[in-house]
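Some notes on the structure that comes next.
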């Protein structure tokens, strides 16, 4: 799910303040602690080889986030593609791979246990342990 800033409903607008809210933006039921994450990604980064060996060879952790700059395309396990760009809010459900289209910076919030598992898997991949 991708939502551009201007598409998020304005709930309150006052001099010096605009409050926007998108409800029903994913469900965290069943997850414990979350982590706040800041990613800096170069154009061309592709998680496909890093996620080999995970269930369905994809990240199985949901993420909620905001694109500060750049552009990223996700592909889910069914082959559906979605692109997010600067100033987009996003929700990536479990079962995705990521390709960075142009240098990007994103802020994400993820279930801590599940995403730590994925990050550790990537660390093992790049260090040759898997």
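Things to note:
- Working from label points 7 Å from Cα in the Cα-to-Cβ sense, the residue 39 to residue 8 distance is 1.9 nm.
- Summary of packing: across the peptides 10-22, 53-65, the per-residue average of other C-beta atoms within 10 Å ranks them, highest first, as 53-65, 10-22.
- Its DSSP H runs of at least 4 residues, each contributing -39,500 (n - 2.57), put the calculated 222 nm mean residue ellipticity of the chain at -4000 deg cm²/dmol, to the nearest 500.
- With the alpha-carbon atoms of the chain aligned to their principal axes, the span from lowest to highest coordinate is 55, 34, 26 Å, starting with the largest.
- The packing ranking, built from the mean of other Cβ atoms within 10 Å per residue, places the peptides 37-49, 96-108 in the order 96-108, 37-49, highest first.
- Scattering profile of the range 25-94 at q = 0.20, 0.25 Å⁻¹ [log10 I(q)/I(0), Debye over alpha-carbon scatterers]: -1.04, -1.48
- Relative to the longest principal axis of the Cα atoms of the chain, helix 112-126 runs at roughly 50 degrees.
Values quoted throughout were computed directly from the atomic coordinates according to the rules given, and no laboratory measurement underlies them. Because the structure is a prediction, the values reported are computed rather than measured. In this analysis, Cβ positions are derived from the backbone assuming ideal geometry, glycine residues included, and neighbour counts consider all displayed protein chains.
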